Amino acid sequence: MNMIFERKLAIPMEVKEMYPLTSEMSAIFERRDVELKKILSGEDDRFLLIIGPCSADNEDSVIDYISRLREVQEKVKDKIFIVPRIYTNKPRTTGDGYKGMLHQPDPTAKPDMFKGIVAIRELHMRAIKETGFTCADEMLYPENHKYIDDMLAYVAVGARSVENQQHRLTASGIEVPVGMKNPTSGDISVMFNAITAAQHKHTFIYRGWEAHSQGNPYAHAILRGYMNKHGQTMPNYHYEDLANVCEAYMSKGLSNPAVIIDTNHSNSGKNPFEQVRIAKEVLASRAYRDDIKKMVKGFMIESYIEDGAQKIGEGVYGKSITDACLGWDKSERLIYDIAEKC
């Protein structure tokens with residue numbers, strides 16, 4: 001076999017025993033879980049904002065960023081429910097590049113998967129303890145979800161993973177809301193197939209066990225734009241796109257219809273500064289049509305302390321080493337603008 005097996009990793013239960021949540025942390029998780037599900041079900045009309053760095057590459061700067069969000073959250077708490085992004089796994093289109101904290105707790109050092117597992121658990125725990133936020137992460141590897149499933153507020157399934165059967169079936173066994181992105185092709189029927197699968201019960205193999213999932217009624221759509229046959233980025237946040245998704249949702253009979261708009265990626269052409277304009281356009285579409293307003297529950301925004309991106313090793317504090325992000329000052333103004341208009 002063309003693989004070298006270095007060591008057997010600790011199972012999730014063992015890691016959770018080494019790094020357990022306190023009763024206070026668990027209480028925060030449970031309270032925020034109830035609040036978020038009420039937003040997605042329509043019982044709470046606050047707007048959901050999933051915001052933060054493209055990748056969580058540095059523990060201190062990520063916590064610094066989230067601490068700033070805490071102060072803003074208090075000012076907009078009647079209008080907006082913030083879920084910070086702590087993305088510790090990064091999909092790479094060609095397999096090259098920084099794959100996230102799970103692989104490399106230190107982006108300048110060689111990969112160490114056990115140190116990575118510990119680092120991502122400690123980072124999410126620190127966010128809860130120091131800021132009172134439970135956060136969002138991407139489920140890049142379904143078998144790794146159990147290492148942090150006791151404290152995640154929100155799980156995203158990416159555009160390259162949404163067609164994968166194991167991601168869909170694992171999502172059906174997750175208790176917190178799961179957002180399914182449209183695939184890179186833009187075919188929303190693929191996204192809806194993923195949501196349908198995630199909302200139903202299944203029997204499948206998971207981490208060597210025969211598992212029986214109960215279905216996740218809070219699985220929902222994320223629109224992130226797509227690539228056309230010429231490799232050009234194409235948006236899918238315009239009014240006509242939202243109307244089309246609303247109509248498709250109504251024809252499916254799915255539970256808790258909800259759409260989150262990813263304002264970066266192919267929607268922005270990876271220009272993070274376009275996120276401000278995109279958010280304002282979507283809010284205008286919500287104001288124009290009631291069913292769009294009910295369906296579009298929030299935004300996913302890539303934001304960090306400093307504008308833009310840098311290469312690994314440049315050492316700029318709070319600046320992304322993956323996709324470019326919107327800096328703090330612009331992000332703070334955008335949050336207040338959203339609170340005024342939503």
Filter pass, Pro84 being assigned to a loop (DSSP other than H, G, I, E, B), without any contact (Cβ under 8 Å) to a residue 60 or more places away in the chain and either touching a strand residue (DSSP E or B) at 6+ places or on another chain (Cβ under 8 Å) or surrounded by 19 or more Cβ atoms within 10 Å (Cβ to Cβ) (or both): no
Unmet criterion (only one of (1) surrounded by fewer than 16 Cβ atoms within 10 Å (Cβ to Cβ); (2) modelled with pLDDT of 95 or more; (3) of a type in the set (Gly, Ala, Ser)) for Gly97: (2)
Gly231, sole failed condition from (1) at pLDDT 95 or above; (2) among the small types (Gly, Ala, Ser); (3) out of contact with any His (no Cβ under 7 Å at 6 or more places or on another chain); (4) not in a strand (DSSP E or B): (1)
Subset of the stretch 253-304 [touching a helix residue (DSSP H, G or I) at 6+ places or on another chain (Cβ under 9 Å), basic (Lys, Arg) and touching a residue at least 40 places away in the same chain (Cβ under 8 Å)]: Lys280, Arg286, Arg289, Lys294, Lys297
The listed residue being crowded, with 18+ Cβ neighbours inside 10 Å, closer than 27 Å to Lys90 by Cβ, in contact (Cβ under 8 Å) with a residue 40 or more places away in the chain and in contact with a Pro (Cβ under 7 Å, 6 or more places away or on another chain), out of Ala159, Ala153: Ala159
Flag for Gln214 being out of contact with any Pro (no Cβ under 9 Å at 6 or more places or on another chain), under 20 Å from Leu48 (Cα atoms) and modelled with pLDDT of 95 or more: no
Matching entry among Tyr147, Tyr141 (being free of Cβ contacts under 8 Å to residues at least 60 places away in the same chain, within 29 Å of Thr196 (Cα to Cα) and either crowded, with 21+ Cβ neighbours inside 10 Å or out of contact with any helix residue (DSSP H, G or I) (no Cβ under 6 Å at 6 or more places or on another chain) (or both)): Tyr141
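So, in the stretch 296-323, of the ones that are of a type in the set (Lys, Arg) and outside any strand (DSSP E or B), which residue ends up nearest to Phe47 (Cα to Cα)?
Lys319
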Sole exception among (1) part of a loop (DSSP other than H, G, I, E, B); (2) within 22 Å of Val155 (Cα to Cα); (3) without any contact (Cβ under 8 Å) to a residue 12 or more places away in the chain; (4) not hydrophobic (A, V, I, L, M, F, W, C) for Thr203, by number: (1)
Which numbered condition Glu314 misses (of (1) touching a residue at least 24 places away in the same chain (Cβ under 8 Å); (2) more than 21 Å from Pro257 (Cβ to Cβ)): (1)
Search result, residues across the stretch 240-274 that are aliphatic (A, V, I, L, M), surrounded by fewer than 22 Cβ atoms within 10 Å (Cβ to Cβ) and in a loop (DSSP other than H, G, I, E, B): Leu254
Options Ala197, Ala221, Ala211; residue that is closer than 19 Å to Lys297 by Cβ, surrounded by 14 or more Cβ atoms within 10 Å (Cβ to Cβ) and of a type in the set (Gly, Ala, Ser): Ala221
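The values are calculated or read from the model by the stated rules, or taken from the named source; none is laboratory data. All values reported here derive from a predicted model rather than from experimental measurement. Here Cβ is always computed from backbone atoms with ideal geometry, including for glycine, and neighbour counts include all displayed protein chains.
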